[in-house]
Amino acid sequence: MPLREVTGGGGRRVFLGFVVVYLLAFVVKVDGDVHLWPMPASVSRGSRTLYLSNDLALKTHGSKFSDGSGILKDGFERMVELVRESRSVEGQVHGSDNVLAGLHVVVSSSNDSLYYGVDESYKLSIPATGNSIYGYIEASTVYGALHAFETFSQLCDFNLMTRTIELHGAPWNIIDQPRFSYRGLLIDTSRHYQPLSTIKKVIDAMAYSKLNVLHWHIVDRESFPIEIPSYPKLWNGAYSYSERYTVADAKEIVQYAEKRGINVLAEIDVPGHAISWGIGYPSLWPSANCQEPLDVSNELAFKVIDGILSDFSKIFKFKFVHLGGDEVNTSCWATSSHVNKWLDNHRMNESDAYKYFVLRTQSIAEKHGYEPINWEETFNNFGNKLNPKTVVHNWLGGGVAPAVAAAGLRCIVSNQDKWYLDHLDTTWQDFYMNEPLKNISKPEQQRLILGGEVCMWGETVDASDIEQTIWPRAAAAAERLWTPFEMLAEDPKQVTTRLARFRCLLDRRGVAAAPLAAPGRGVPLGKGACLRQ
């Protein structure tokens, strides 16, 4: 059956029509025999074992996607390496009726543009018999095909006795698409610098988990590590000469992520969280002794923001930009005489000035082609004045998303009590059970919840511990954001074994994922097999 094209946005909750409805009971029934993570929308399987050819082939006959950029080919080759697990596949497979010769991929769109709401759906089928057996992948876009590769890789096992790669359970028939179009992970490179190689490893693991937005919280009050050609002294606020990202570095991260189907969301957090800006440009501070928020009375502040977003528009192609707006303590505006005079002249109080700063920054972002995302305090303080294209980023509590949707604005859920990775006492079970649509029953309001994001704030993580702090808890949230609601476990105990298998898979792939039994980034509690940790 051809894969029906499903658009982004509202289409994320269409569970591929009657096929999923028909197969839903079966999928739940066989969950104990299906170890995929995240669980696809529909799965059926058999009982036959196939052996992967040592020269697994990629066929694209009938595909409209020319792959001039190499996204499909590179994705296939990465998948093959993952399946091989860096081992020497020495065993010989013989015959044709039990050998999987390759994958035949048909992509119906010729476009390789990665944008918000891009169709990520796919269909993967692997027959059990035939003279020359090929798995078949059908996807609307190349990014759906990449997800199919990841799913396929999780069906394969390396047999240490025969030195061959086996695929158990053929025939397989999988139809899949994400529940939410925004499935994010935040990293913070202001509190601790993260090397490019570390960021790339995070991106790789995001692709394994089918997360699709890297929220790069690049700068904050502690450091300003990125090059801004329009205002080159800004990165004087970096921790050191070497702990910086050039424009070329940032482009490299964006391109690396895009080849894996992941958008990069850049953030500047204004007007608060910006002390580091004044290291290179001290006049951005209200005064030398009172350095935050940015000086609302100084036009240079808005010129600098304009320059940053102009430079960002040449690097970060995602339709959204994050403008922060949280935790703004305006007392420096009141205690700095020249700012206080400006407030009087403009007949504003501090709250008015906060609103003015946020709304003006949103207008600058819109001028550069971006739609703004702001932390929830902006909504809580002046929600009815926000740009109608604003996406409100919930973090403080669980009741904000319903209010945002009721007001007709879009929302991303990251409530700190469940989806903050720096909260080491928050368990993977908490991450799994956090529901973005809680207390939102109207379909038109549900559609305004773009998805969710887990946040890895950087106060206590650097390259030495970031991976085990993120994984496997972020993967627990990834299934919540990918898998149809009706198929999610009502009790996380039901998925413990499957998540443990995925955690062990991450470890085998070189991702330092922590044991499920340990809190936060804990270590193994004793000797034993990976699955028992």
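The values are calculated or read from the model by the stated rules, or taken from the named source; none is laboratory data. In this text, all values refer to a predicted model and were calculated from it rather than measured experimentally. So basically every Cβ, Gly included, is an ideal-geometry build from the backbone, and we count neighbours across all protein chains shown. Just the protein is used for accessible areas: all its heavy atoms, side chains included, with ligands, DNA and RNA removed. Shrake-Rupley method; radii C 1.70, N 1.55, O 1.52, S 1.80 Å.
Structure notes:
- Residue within region 228-251 that is charged (D, E, K, R), assigned to a loop (DSSP other than H, G, I, E, B) and closer than 25 Å to ARG360 by Cβ present: yes
- Yes/no for THR390 being within 24 Å of GLU444 (Cα to Cα) and buried (at least 20 other Cβ atoms within 10 Å of the Cβ): yes
- Count - residues of region 397-420 that are at pLDDT 95 or above and outside any strand (DSSP E or B): 16
- Residue count for region 425-443, restricted to those that are over 23 Å from THR496 (Cβ atoms) and open to solvent by 50 Å² or more (accessible area, probe 1.4 Å): 4
- Counted residues, region 128-169 - those being farther than 30 Å from VAL118 by Cβ, of a type in the set (A, V, I, L, M) and either surrounded by fewer than 24 Cβ atoms within 10 Å (Cβ to Cβ) or not assigned by TED's automatic domain parsing to the domain that holds VAL106 (or both): 4
- Counting only residues that are among the hydroxyl-bearing types (Ser, Thr, Tyr) and not in a loop (DSSP other than H, G, I, E, B), region 307-323 holds 1 of them.
- Strands (runs of 3 or more DSSP E) enclosed by region 58-165 - at least 2 residues per element that are touching a helix residue (DSSP H, G or I) at 6+ places or on another chain (Cβ under 6 Å): 99-107, 122-126, 133-139
- Residue within region 439-461 that is among the hydrophobic types (A, V, I, L, M, F, W, C) and over 25 Å from GLU267 (Cα atoms) present: yes
- Meets criteria (surrounded by fewer than 21 Cβ atoms within 10 Å (Cβ to Cβ), of a type in the set (Lys, Arg) and either touching a helix residue (DSSP H, G or I) at 6+ places or on another chain (Cβ under 7 Å) or part of a helix (DSSP H, G or I) (or both)) for ARG498: yes
- Per-region count, region 332-353, residues in contact with a strand residue (DSSP E or B) (Cβ under 6 Å, 6 or more places away or on another chain) and either touching a residue at least 60 places away in the same chain (Cβ under 8 Å) or not hydroxyl-bearing (Ser, Thr, Tyr) (or both): 1
- As a summary of the residue check, ILE373 satisfies the conditions (1) part of a loop (DSSP other than H, G, I, E, B); (2) open to solvent by less than 40 Å² (accessible area, probe 1.4 Å) except for the one numbered (1).
- Once region 83-101 is narrowed to residues that are within 31 Å of the chain's Cα centre (by Cα) and surrounded by fewer than 19 Cβ atoms within 10 Å (Cβ to Cβ), the residue that is farthest from LYS259 (Cα to Cα) is ARG87.
- Selected residue (only one of LEU214, LEU186 is crowded, with 18+ Cβ neighbours inside 10 Å and touching a His at 6+ places or on another chain (Cβ under 6 Å)): LEU186
- From VAL321, VAL339, VAL358, VAL391, residue being over 26 Å from the mean Cα position of the chain (by Cα) and modelled with pLDDT of 95 or more: VAL339
- Residue that is free of Cβ contacts under 8 Å to residues at least 60 places away in the same chain, touching a strand residue (DSSP E or B) at 6+ places or on another chain (Cβ under 6 Å), polar (S, T, N, Q) and open to solvent by less than 40 Å² (accessible area, probe 1.4 Å), where the choices are SER125, SER109: SER125
- Cβ-Cβ distances below 6 Å connect the following pairs, each with a first residue in region 271-297 that is among the acidic types (Asp, Glu), a second residue that is open to solvent by 10 Å² or more (accessible area, probe 1.4 Å), and a separation of six or more residues or different chains: GLU292/ILE275.
- Residue match in region 457-474 (condition: open to solvent by less than 50 Å² (accessible area, probe 1.4 Å), over 28 Å from THR390 (Cβ atoms), among the small types (Gly, Ala, Ser) and part of a helix (DSSP H, G or I)): no
- On inspection, VAL400 passes the criterion of being farther than 20 Å from ASN329 by Cβ, within 23 Å of the chain's Cα centre (by Cα) and open to solvent by 10 Å² or more (accessible area, probe 1.4 Å).
- In region 190-211, the qualifying residues are those that are open to solvent by 10 Å² or more (accessible area, probe 1.4 Å) and part of a loop (DSSP other than H, G, I, E, B), and the one that is farthest from ALA512 (Cα to Cα) is ARG191.
- Condition check for SER276: open to solvent by less than 40 Å² (accessible area, probe 1.4 Å), more than 24 Å from GLN362 (Cβ to Cβ) and in contact with an Asp or Glu (Cβ under 8 Å, 6 or more places away or on another chain): no
- Considering residues of region 58-81 that are surrounded by 15 or more Cβ atoms within 10 Å (Cβ to Cβ) and among the small types (Gly, Ala, Ser) only, the residue nearest to ARG508 (Cα to Cα): GLY75
- Qualifying residue in region 278-301 (condition: under 27 Å from the mean Cα position of the chain (by Cα) and not assigned by TED's automatic domain parsing to the domain that holds TYR122): no
- Residue match in region 16-34 (condition: modelled with pLDDT of 75 or more, within 30 Å of PRO443 (Cβ to Cβ) and not hydrophobic (A, V, I, L, M, F, W, C)): no
- Single residue of GLN446, GLN416 found to be under 20 Å from ILE187 (Cα atoms), open to solvent by 10 Å² or more (accessible area, probe 1.4 Å) and not hydroxyl-bearing (Ser, Thr, Tyr): GLN416
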